[in-house]
Amino acid sequence: MFKLISKIRKPLFLFPITLCLTLILFIPWVSAKETPKPKPQPWQIDGIVAAIDDSNPTVKGYAFQALAGLEPQDLKLMLKKPEDIAQKAINFLKDEKVDSNVRGGAAEILGNLGQAMAKYLPNNFLDNEKIDKNVRGYAARFFGKLNEKSYLRHYAAEVLEKLGEAATKYAPDLINIVKDEKVDSNVRGNAASDLVNLGEAGAKYVPDILNFLKDEKVESYIRSNAAAALGNLGEAGAKYVPDLINFIKDEKVDLNVRGSAVEALGNLGEAAAKYAPDLINILKDEKVDSNVRGSAASALGNLGEAEAAAKYAPDIANIVKDEKIDSNVRADAAIALGNFGEAAAPYLPDILNIVKGGKPDWFEAERVAAVLGDSGEAGAKYIPDILNYLKDKNAVADIRYSAAAALGNFGEAAVPYVPDILNFLKDETVDSDVRSYAAGALSRIRKLELNEVIVVLNNFYELNPWNSNFELWRVLTYFLSGGTDEVKTLLQWLGNPQEVPTQLKYEDGKKTLEVFLSIWTDSNDLKLLQKDLADKIAQVTRLVTWKSQDITLLQSHYNNLKNGGYYQAYTVQLVITNLSGWKWLFKPINAILILAVFLLTLIFIRTKMRRGGG
């Protein structure tokens, strides 16, 4: 079950590509703790791999990012030829024409595939100052090959985390970095986070980390991130829970840092379950800042179905229903309820009423949609309501994003509503970003057929200043279809590929026209895509030397183009006319007749010549 929990207290903004990739990668896009990702399906992996071979470098970059978001063990098991992917990643990493941030996913892929892939990294790659420093930083980050460069040092924590138990010997060095006020605060924060990720080896340094969290000279967001990381201690952090509770109660500490510490407490799981009464008291205390109260609700939700926390479901439900309480606190309380599984089922109507009851705060509505999507079978009957949130043109974008994510979280239960989502994608009056997120949600529901996925691709053609991430639609077309051969053929021509074939073998041309024909009828209400399709039918027709047996195929295209009012019909008609002439000529009976006429003509001429000579 996904636990969509957030400590954000302001409108959430993410770039559209990030929004969609979070769905593609099976991760919650607002989360206070790491949650198990479902295993990717083979067709999903095939779709991403197909996008890596696209002619557009931005599409390639997005595909690498998507693969990089998968668990390394899943990646290794499901990739058919990891060596091929590694080589493609290296080639992409070295391509200086591509933005360095886009290339980062290629470096991460190599790291996730394991140290065996390091052999594909060119010698002296990290020290080559001609290569963008960010690209070298990514490579160091995922291969653990560090030097003293400051931009590489920034990634030290993540590299050590990948080293696992082998990194425990560096714990004393890490705590020295945390304590050293001369060191960049970002580096200190990363070191603190990495310490707690070492488990037992880092747990004994919790008191030092708590002191770091109180250091007001360090930016609060850095301390908040380090505080949140304390939740990764698990059982190793159990004996420090009382210290954490005291830290949370210290009103001198920055509110955001305290809030992160509260959520970290919830992430400790069973080790913190017995402190649920402390969390419920913080949640109920009206004198406590709303940010901290909301974090307490999130922490209770993170304890999930633990009996010690679930018994407080009625108290949390009362917070949800109380309209006098800050909307952020109510929203986080609703999320917490949703994470209690079956214990939350009786309260789902109360959660839904937050939105149905009139004009809810946008934050409430956004989180309510998310929690309903996270409620499993108990919440499946509310899918029509969530679909209405998605379609509501008066709703702010964040509510609609969350509704799309919720639909995706229902998985197979949402399969009957795929046609509704596809129709939603056809509506050009809907914000392009909202549509892209709805398309991403389909990835969690089911694979799309060829005649369905063209609805996704049609969004590529939208011409307006806001369709800045148009390459995303190519990525989604690959991914949602599983990157089948038919889709690869389609994308070789449609959606503005950077390279279109200038030569075509007969078999490839025939296959291409067959694919084009299979989607024509379904493209009738996708006018932007169909216009491009008509043009490409004519192009393919001109590139191939056709055979007489292809007349039926060509005639079908001619009829479609003519009925659609497309001038490209005349290109196809010309080819048919030429083929029809030769076809008539080579029929056996016609050949005999022609020969007979020829012979008779010769006899006639010969006779005339003789008479003339006489």
Using 24 Å as the Cα-Cα cut-off, could you pick out the over-long pairs in Lys252/Lys321; Lys252/Lys284; Lys94/Lys182?
Lys252/Lys321; Lys94/Lys182
Hey, with R₀ at 41 Å, roughly what FRET efficiency would Asn211 and Gln73 work out to, going by the Cβ-Cβ distance, to 0.05?
0.65
Between Glu342 and Tyr506, how many nm apart are label points set 7 Å from Cα along the C-beta direction?
6.6 nm
Express in nm, to one decimal, how much length is gained between Lys426 and Lys204 on full extension, taking 0.36 nm for each residue of separation and deducting their alpha carbon distance.
74.3 nm
Given 0.36 nm per residue, what is the gain on full extension from Val418 to Thr601 after removing their alpha carbon distance, in nm?
59.0 nm
Under a point spin-label approximation (7 Å from Cα along Cα-to-Cβ), what is the Tyr567-Asn246 distance to one decimal in nm?
8.3 nm
Of all accessible heavy-atom area on the range 440-537, the percent that carbon and sulfur account for (1.4 Å)
47 percent
Under the Kirkwood approximation for Rh and a Cα-based Rg, what ratio Rg/Rh is obtained for the range 407-545?
0.98
For a bin width of 5 Å, list the pair-distance distribution of the range 44-86 built from all Cα-Cα distances, rounded to whole %.
5, 24, 36, 25, 8, 2
Please give the length that would be gained between Asn186 and Asp99 if that part of the chain were fully extended, namely 0.36 nm times their separation in residues minus their C-alpha to C-alpha distance (nm, one decimal).
28.9 nm
Could you sort out which of Lys179/Lys239; Lys204/Lys274; Lys80/Lys510 sit more than 24 Å apart by Cα distance in this structure?
Lys80/Lys510
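The values are calculated or read from the model by the stated rules, or taken from the named source; none is laboratory data. Keep in mind that what you see is a predicted model, and the values were worked out from it rather than measured. Methodologically, a virtual Cβ is constructed for each residue, glycine included, from the backbone with ideal geometry; neighbour enumeration extends over all protein chains shown. Ligands, DNA and RNA are stripped out before the accessible areas are found, and what is left, the full protein with its side chains, is counted by its heavy atoms. Shrake-Rupley method; radii C 1.70, N 1.55, O 1.52, S 1.80 Å.
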